[in-house]
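To start, the structure itself, in structure tokens.
The values are calculated or read from the model by the stated rules, or taken from the named source; none is laboratory data. Remember, predicted model here, so these are calculated numbers, not experimental data. Counting neighbours? That spans all protein chains shown, and the Cβs are built from the backbone with ideal geometry, glycine included. All accessible areas refer to the heavy atoms of the entire protein, side chains included, with ligands and DNA or RNA removed. Shrake-Rupley method; radii C 1.70, N 1.55, O 1.52, S 1.80 Å.
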Amino acid sequence: QVQLVESGGGLVQSGGSLRLSCAASGTMFMINAMGWYRQAPGKQRELVASIGNTGRPNYVNSVKGRFTISRDNTKNTLYLQMNSLKPEDTAVYYCNAHRPRTYAYAEYDFWGQGAQVTVSS
């Protein structure tokens, strides 16, 4: 099992910055990728950014150049630095850890409890 705890959400004005953190614990050696998703009211959850064990990041087009995903493996912590925030970035942000299928375990996604990010105009 993997446990994920987000922190760092809050209220910020348009153009401001926030940094989300996700502290991970448990059987992290089974995880091959981590990421940040978000869900705005009335919308589906979408992938914002992800990073695999190679360290290569991927971003949804709407946040490229503004958000940076990183991970500190010594602390088992995932980060999302969000700059130049816009009102449309307002959502609940969820940390995700992906376990691929192995001979002993099924593919599975672990989720944090979510962190509210609100950007005022």
Subject >> Against the rule of thumb 2.2 N^0.38 Å, how large the Cα Rg of the chain comes out >> reply: 1.04
**OP:** Would you mind computing the Rg to Rh ratio of the stretch 51-121 from its alpha-carbon coordinates, Kirkwood style for Rh?
**Re:** 1.02
Original post:
Using a 1.4 Å probe, how large is the accessible area of S50, given in Å² and rounded to the nearest 10?
Top reply: 30
Original post:
Taking all protein chains as present, what is the carbon and sulfur share of the accessible area of the chain, in % to the nearest whole number, probe 1.4 Å?
Top reply: 48
Subject >> Burial order of peptide ranges 21-29, 101-109 (average beta-carbon count within 10 Å, highest first) >> reply: 21-29, 101-109
Subject >> Length added when fully stretched, Y103-R19, from 0.36 nm per residue minus Cα-Cα >> reply: 26.6 nm
Subject >> Largest-first principal axis extents, alpha carbons of the stretch 1-42, Å >> reply: 38, 23, 14
Original post:
According to the Cα gyration tensor, what semi-axes, each the square root of 5 times an eigenvalue, does the equivalent ellipsoid of the stretch 1-71 have, listed from largest to smallest in whole Å?
Top reply: 22, 15, 13
Subject >> Taking the stretch 1-92 and dividing mean pair separation by its residue count, relative contact order in percent (alpha carbons under 8 Å, at least six apart) >> reply: 32
Original post:
Normalised by the number of residues in the stretch 1-47, what is the relative contact order in percent for Cα pairs under 8 Å and 6+ residues apart?
Top reply: 32
